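To keep things clear, I will list the structure first and then write my remarks on it.
Any read-out appearing in this document is the output of simple, stated calculations on the displayed coordinates, not a laboratory observation. None of the values given here were measured: they were computed from a predicted structure. Cβ placement follows ideal geometry from the backbone for every residue including glycine, while neighbour counts extend to all protein chains displayed.
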Amino acid sequence: MLRIGTAVIAWLIVTVCYWSLAYLGTSFIHKKWDLHISDFSRGLITLFAMIFLFILTSWIFSRFVSPRRMDFFTMMIDAMRRISKGDYDVKLANQFKHKKNHPFGKIVESINEMAVELNQIEQMRQEFISNVSHEIQSPLASISGFATVLKQSDLTLKEREHYLGIIETESRRLANLSDNLLKLTSIESQHHPFEPVAYRLDKQIREIILSCEPQWVAESLELDISLDEVEIIADEELMSQVWINLINNSIKFTPSGSSLKIVLYQRAQEAVVTIADTGMGIAEEDQAHIFERFYKVDKSRNRMLGGSGLGLSITKKIIDMHNGSIQVQSKLNEGTIFTVTLLI
């Protein structure tokens with residue numbers, strides 16, 4: 001109703017303006033040539049003059065103003081059509097950038113920003129599909145190849161057990177990859193259950209260390225554990241995944257007979273956990289990328305150890321959900337220290 005009222009008022013104002021101009025024009029002509037015409041004729045002439053002025057103004061507007069504006073709208077519509085078809089290489093020229101806060105300039109900037117962001121998302125999607133395909137291809141090729149070898153009748157029992165063990169390992173890799181992909185997708189979907197509760201962090205870490213005992217005993221690792229009594233408010237199940245990923249990673253990349261140190265302490269209103277190993281270390285140029293999905297510092301060794309490159313990405317996402325932070329310090333052939341900081 002408000003828009004209709006505004007439109008009616010605007011129409012009345014425009015009509016009065018045109019009528020006034022037409023009336024002034026006919027009055028000038030009437031006085032100039034001293035014409036003796038009736039008021040009706042004069043009103044009729046004024047009406048025709050008003051209509052003529054309206055048509056003339058519309059023609060001038062359509063000739064000089066409308067085409068430029070129509071070109072702008074045509075350009076925007078074409079850009080939106082290209083974006084809707086998956087062409088994100090759209091870059092509109094902002095002819096209004098010299099006019100501060102011009103609405104059309106803001107529209108152009110918004111379309112350009114949208115195209116850039118959609119292009120980045122598309123590149124990430126393609127990279128993700130490529131990485132998943134690559135990770136799946138390797139174990140599938142191994143399973144298929146060794147299954148074909150097992151069809152041979154002249155294999156010894158030891159050879160069969162060896163090939164079956166490889167198939168079992170590669171199948172486990174596929175299962176872990178699938179499980180991690182589901183976890184990562186669920187966490188990033190913003191619909192994953194998030195139920196923070198108060199619990200003892202030292203007890204949780206101690207239980208996970210004990211659950212990993214077969215791994216660190218098999219590697220003959222010496223553990224140095226120092227866990228202060230610290231209570232935090234967090235999602236216990238999600239945080240359990242964090243410690244499992246970090247501790248398992250440290251065990252996998254630490255040589256047999258080396259040491260692993262796990263420390264928990266309170267600093268002001270923060271809980272700080274450090275997990276330090278004496279393993280192969282991480283190169284400085286790799287440290288900025290280790291939390292990216294599918295990123296592997298040593299691809300050959302990760303494949304041998306069954307890694308998918310998703311564990312640290314999941315870890316970082318969970319810590320971010322808790323408004324915490326994770327940092328890495330490492331030197332090649334000296335070891336790595338992961339430091340997790342959480343609010344209490």
Karplus ³J(HN,Hα) for the range 76-90 (6.51 cos²θ - 1.76 cosθ + 1.60, θ = phi - 60°; Hz, whole; x = Gly/Pro) runs 5, 4, 5, 5, 5, 5, 5, 5, 5, 8, x, 8, 9, 8, 9
Tensor-based shape of the range 166-247 (alpha-carbon gyration tensor, a/c under 1.5 rounded, otherwise prolate or oblate): oblate
Name the long-range amide H neighbours of Leu260: under 5 Å, sequence gap of 5 or more, or other chain; modelled H, no Pro or chain starts. Glu222, Leu223, Asp224
Once you have the Cα-Cα distance between Thr341 and Gln287, take 0.36 nm times their residue separation minus that, and quote the gain in nm to one decimal. 17.6 nm
How many nm is it between the label spots at Glu213 and Val272, if each spot is 7 Å from the Cα in line with the beta carbon? 3.1
What net charge do the residues around Ile251 carry, taking every other residue with its C-beta under 11 Å from that of Ile251, with Lys and Arg at +1 and Asp and Glu at -1? -2
Could you go through the range 138-144 in sequence order and give the Karplus-derived ³J(HN,Hα) for each residue, using 6.51 cos²θ - 1.76 cosθ + 1.60 with θ = phi - 60°, rounded to whole Hz, and x for Gly and Pro? 4, x, 5, 5, 5, 4, 5
Can you give me the relative contact order of the range 186-294 as a percent, contacts being Cα pairs under 8 Å and 6 or more apart? 27
Holding the Cα-Cα limit at 18 Å, pick out from Lys85/Lys106; Lys183/Lys261; Lys203/Lys317; Lys183/Lys317 the pairs that are longer than that. Lys85/Lys106; Lys183/Lys261; Lys203/Lys317
